[in-house]
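The values are calculated or read from the model by the stated rules, or taken from the named source; none is laboratory data. Note that the coordinates shown come from a computational prediction; the quantities given were computed from them, not determined experimentally. Quick reminder, even Gly has a Cβ in these numbers, built from the backbone with ideal geometry, and neighbours come from all protein chains shown. Please note that ligands, DNA and RNA were not included when accessible areas were found on the heavy atoms of the full protein model with its side chains. Shrake-Rupley method; radii C 1.70, N 1.55, O 1.52, S 1.80 Å.
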Amino acid sequence: MAEGKLRRSDAWAARNGIQALESAMRGVKRCRQDVEATATGLTTGYQGSDGRAYTDLIKLWDGQCGKIVDNLQHMIDTLTTSLSEIDKNQQASNEAIKNAGNSTYHTLMGA
């Protein structure tokens, strides 16, 4: 019984984790788009070395955002795989219990 609760708890935690990570990824992507839109507007106004420094900063920031998005996606994929394994284990346990019950019933009935 406790193991079943643990599986449900694990599945619940995995689903919540996936939702939280997806929300975080949407937020990062939204910020990334905002920065890109602002950068496009400001790039035309900046000239010379300060313009290049600004462009370099935006490229650096964008690269870091890319890494964050990649890591979030990796964590989502890992949790999705874990959730799938939890579900498979739950189904296997249910099937084993069903089979054991059927076997016991047939034995008791003399079949």
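Just give me the residues in region 36-63 being in a helix (DSSP H, G or I), touching a helix residue (DSSP H, G or I) at 6+ places or on another chain (Cβ under 8 Å) and either free of Cβ contacts under 8 Å to residues at least 24 places away in the same chain or farther than 30 Å from THR80 by Cα (or both), in sequence order. It would help to see each step written out before you state the result.
Within region 36-63, the subset in a helix (DSSP H, G or I) is 36-43, 48-63.
From what is left, the residues that are touching a helix residue (DSSP H, G or I) at 6+ places or on another chain (Cβ under 8 Å) are 36, 39, 42-43, 51, 54-55, 58, 61-62.
If the condition is that a residue be in a helix (DSSP H, G or I), touching a helix residue (DSSP H, G or I) at 6+ places or on another chain (Cβ under 8 Å) and either free of Cβ contacts under 8 Å to residues at least 24 places away in the same chain or farther than 30 Å from THR80 by Cα (or both), then GLU36, ALA39, LEU42, THR43, GLY51, TYR54, THR55, ILE58 are the ones that fit.
Looking for something open to solvent by 60 Å² or more (accessible area, probe 1.4 Å), modelled with pLDDT of 85 or more and over 28 Å from TRP12 (Cα atoms) - is there at least one such residue anywhere in region 64-74? Checking region 64-74: at least one residue is open to solvent by 60 Å² or more (accessible area, probe 1.4 Å), modelled with pLDDT of 85 or more and over 28 Å from TRP12 (Cα atoms). In the condition set (1) without any contact (Cβ under 8 Å) to a residue 12 or more places away in the chain; (2) under 26 Å from SER82 (Cβ atoms); (3) of a type outside the set (D, E, K, R), ALA14 is compliant with all but (1).
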